[in-house]
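In what follows, a structure is listed as structure tokens, so that the remarks can point back to it.
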Amino acid sequence: MNAPASFEARLAALDAASLRRTRRVVQAKDGPQLQVDGRTLLSFASNDYLGLSQHPALIAAAQEAAARYGVGATASPLVCGHEGPHKALEAQLAAFVGRPRALCFGSGYLANVGLVPALVGRGDAVFSDALNHACLIDGVRLSRAEAHVYPHVDLAALAAQLTASTAQRKLVVTDAVFSMDGNIAPLRELLALCERHDALLMVDDAHGFGVLGPGGRGSAALAGIAESPRLVYMATLGKALGCAGAFVAGEAQLVEWVLQRARTYIFATALPAMAVAAVGAGLQVIADEPWRQPHLRQLVAQLRAGMATLPWRLLQSDTAIQPLIVGDNARALALSDALRERGLWVPAIRPPTVPEGTARLRISLSAAHGEADVARLLDALAELQTL
Ligand SMILES: *Cc1c(COP(=O)(O)O)cnc(C)c1O
């Protein structure tokens, strides 16, 4: 056991490196306007890409489901936590993404940590992009499959690894939209490689589902690969859908196997019916209010055009995730603090979330923003460019 004093020293080391993380308490929300520490901040921090988290239709669906099912599912889905709204949502999600079957998990983290070990194990091989999300990395570790990390979106390196592998079962895992950079993985090319090497392709579309592709059907639909039987499509419901949870969609037998084997599905309490019902209503809103995705794209274009003249490096991203690379941890924090003084909330992202020397402001846009909000952020950044 560590003595308490050693935690003090370890925390002090975080402080010294500007790596201590803190939380701020949000007291109320009105679209992207958040009440924090008695002030109103315009937020560019959330993943509420379509602005659905406070939509009246989702709130009403949650209230109705809470009145009927209570506020919690009270058990794992395989005991008694699988309720009417869960069954309905799985069918709705499968239809939405054009796969035979879908299965809901309590969160994206739980989904990935459960899925990879359900698909591959000892003696198998898994191939993972170097910038994959932390929970995919943890899923790979837990699977005990032989892990090959390929350099970020390096198809040639991945092809070489696949060729060299003698494993029976092979699984390639990738973020569809990389969460700290905003770029989109070359899914079509990745699928072609998987076909050549008889591998499965697992795609984590946390940041694309609801936003990208025709009707918000996600990154796989955008790439035209949504219906491939090799695709294991995973997406989360806490980002563009504004709610909570995650799902996997794929071939019926594969999904049935996941239901039988994924420990984070079997041994975890099901999502509350109220969250599940809200997601169902959110899918309907996406269909009924098709202005949301094009409005978001327009804001992305406005922001990128405005930032082109600023001194910080802008990454190549067409998505709602727009990182400004500052480099130094303390400078990224200072910039984020100075923006907050001006009433804007833009988080500084530091290692280990991103590689050393690439601390950044991670600006994320939402359909809940207006053009005036983006203009206000651009003005503040222009004022702070000498900081
Ligand atoms: C947010 C995120 C997750 C985790 O999803 P939660 O529902 O928040 O647990 C998984 N993968 C990626 C790429 C993410 O950005």
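Using θ = phi - 60° in the Karplus curve 6.51 cos²θ - 1.76 cosθ + 1.60, the 3J(HN,Hα) couplings for the stretch 157-168 round to 5, 5, 4, 5, 5, 5, 5, 6, 6, 10, 4, 5 Hz; x is entered for Gly and Pro.
Excluding ligands, DNA and RNA, the accessible surface per residue across the chain is 44 Å² with a 1.4 Å probe. Which shape class, rounded, prolate or oblate, goes with the stretch 272-387 when its Cα gyration tensor gives a ≥ b ≥ c as root eigenvalues, a/c under 1.5 marks rounded, and past that a/b bigger than b/c marks prolate? Here the stretch 272-387 falls in the prolate category. Note on the stretch 56-288: with neighbouring protein chains present and a 1.4 Å probe, carbon and sulfur make up 56 percent of its accessible heavy-atom surface. Given R₀ = 51 Å, what would the calculated FRET efficiency be for residue 59 paired with residue 160, taking r from the Cβ atoms and rounding to 0.05? For residue 59 and residue 160, the calculated efficiency is 0.50. Using a Debye calculation, one point per C-alpha and no hydration shell, please list log10 I(q)/I(0) for the stretch 69-143 at q = 0.15, 0.22 Å⁻¹ in order. The calculated log intensity ratios at q = 0.15, 0.22 Å⁻¹ are -0.68, -1.05. Compactness ratio for the chain: Cα radius of gyration over 2.2 N^0.38 Å (N = residue count) comes to 1.00.
Distance from the C-alpha centroid of the stretch 214-290 to that of the stretch 117-168: 23 Å, rounded to the whole angstrom.
Does the stretch 2-106 classify as rounded, prolate or oblate by the C-alpha gyration tensor (a ≥ b ≥ c root eigenvalues; a/c under 1.5 gives rounded; else a/b over b/c gives prolate, otherwise oblate)? It is prolate, given that a/c is not under 1.5 and a/b is the larger ratio.
In plain terms, if you count all Cα to Cα distances in the stretch 165-314 and split them into 10 Å steps from zero, the share in each step is 10, 33, 35, 17, 5, 0 percent.
Taking amide H as placed 1.01 Å from N in the peptide plane, the amide H of residue 345 sits under 5 Å from that of 42, 43, 44, each at least 5 places away or on another chain. Distant-in-sequence amide contacts of residue 150, defined by a placed amide H-H separation under 5 Å and a gap of 5 or more residues or a different chain, comprise 128, 129, 130.
With θ taken as phi - 60° and the Karplus curve 6.51 cos²θ - 1.76 cosθ + 1.60 applied, the whole-hertz 3J(HN,Hα) list for the stretch 187-198 is 5, 5, 5, 5, 5, 4, 4, 5, 5, 4, 10, 6 Hz, x standing for glycine and proline. Restricting the count to DSSP beta bridges whose residues both fall in the stretch 56-288, what percent are antiparallel, rounded to a multiple of 5? Around 35 percent antiparallel, to the nearest 5. For residue 206, the residues whose modelled amide H falls within less than 5 Å of its own, excluding neighbours fewer than 5 places apart on the same chain, are 176, 177, 236.
Would you kindly calculate the translational diffusion coefficient of the stretch 66-197, applying Stokes-Einstein with the Kirkwood radius from alpha carbon pairs, for 20 °C and a viscosity of 1.002 mPa s, and quote it in µm² s⁻¹ without decimals? Mind showing how you got there, number by number?
Details: Rh = 16.6 Å.
It comes out at roughly 129 µm²/s.
Taking R0 as 51 Å, what's the FRET efficiency between residue 314 and residue 80 from their Cβ-Cβ distance, rounded to 0.05?
Details: r = 50 Å, r/R0 = 0.99.
Working from the Cβ atoms, E equals 0.50.
Counted residue by residue at 0.36 nm each, then reduced by the alpha carbon distance between them, the extension gain from residue 196 to residue 298 reaches 32.9 nm.
Only helices enter this figure: runs of n ≥ 4 DSSP H residues, each worth -39500 (n - 2.57), summed and divided by the residues of the chain, yield -12500 deg cm²/dmol at 222 nm to the nearest 500.
The values are calculated or read from the model by the stated rules, or taken from the named source; none is laboratory data. Values in this document were obtained by computation on a predicted structure and should not be read as measured data. All Cβ positions, glycine included, derive from the backbone under ideal geometry; neighbour counts span all protein chains shown. Calculation scope for accessible area: heavy atoms of the full protein, side chains included, ligands and nucleic acids excluded. Shrake-Rupley method; radii C 1.70, N 1.55, O 1.52, S 1.80 Å.
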